[in-house]
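The values are calculated or read from the model by the stated rules, or taken from the named source; none is laboratory data. Since we're looking at a predicted model, the values are computed, not measured. Methodologically, a virtual Cβ is constructed for each residue, glycine included, from the backbone with ideal geometry; neighbour enumeration extends over all protein chains shown.
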Amino acid sequence: MAKGTQFVGNELPMFDGISSGYGWSILAHQFWNSKGVSEAQRLLDVSSAFTGRSLIWFHLWSIRNPNADWDTFNLAFLHQFQPDMRPILPKICWKEVED
């Protein structure tokens, strides 16, 4: 598992903004799917799973995207924290948050 990503039993994995964004996304999806968590609740859960620069990014992103759904968030998240995936990510409209 990537440094900075933790998955302990029944807890949502933590993300620090340094480790693999794609890896966190996969672990978080597995966690939420195993619990039957709705997509709306997932957006609420994210703030408790992020620390450091990822929490700052999420705070700014959520202010700029108040009506975003889970898919929009996940694409923006991967765009921000897994930049090597940008060429294969769908082009969507969102307000980016610069570092």
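Quick notes on this one:
- Looking at 56, 18, just one residue is part of a helix (DSSP H, G or I) and more than 10 Å from the chain's Cα centre (by Cα), and that residue is 56.
- Each residue in region 1-16 was checked for being at pLDDT 90 or above and within 22 Å of residue 69 (Cβ to Cβ), and 1 of them qualify.
- Any hit, region 85-94, residues being assigned to a helix (DSSP H, G or I), out of contact with any strand residue (DSSP E or B) (no Cβ under 6 Å at 6 or more places or on another chain) and closer than 26 Å to residue 11 by Cα: no
- Any chance residue 63 is assigned to a helix (DSSP H, G or I), more than 13 Å from the chain's Cα centre (by Cα), β-branched (Val, Ile, Thr) and at negative phi: yes
- If you go through region 20-55 and keep only what is surrounded by 13 or more Cβ atoms within 10 Å (Cβ to Cβ) and of a type in the set (Ser, Thr, Tyr), you end up with 20, 22, 25, 51, 54.
- Residues within region 56-69 that are buried (at least 16 other Cβ atoms within 10 Å of the Cβ) and at pLDDT below 90, tallied: 1
- Subset tally (residues that are aliphatic (A, V, I, L, M) and part of a loop (DSSP other than H, G, I, E, B)) for region 21-39: 1
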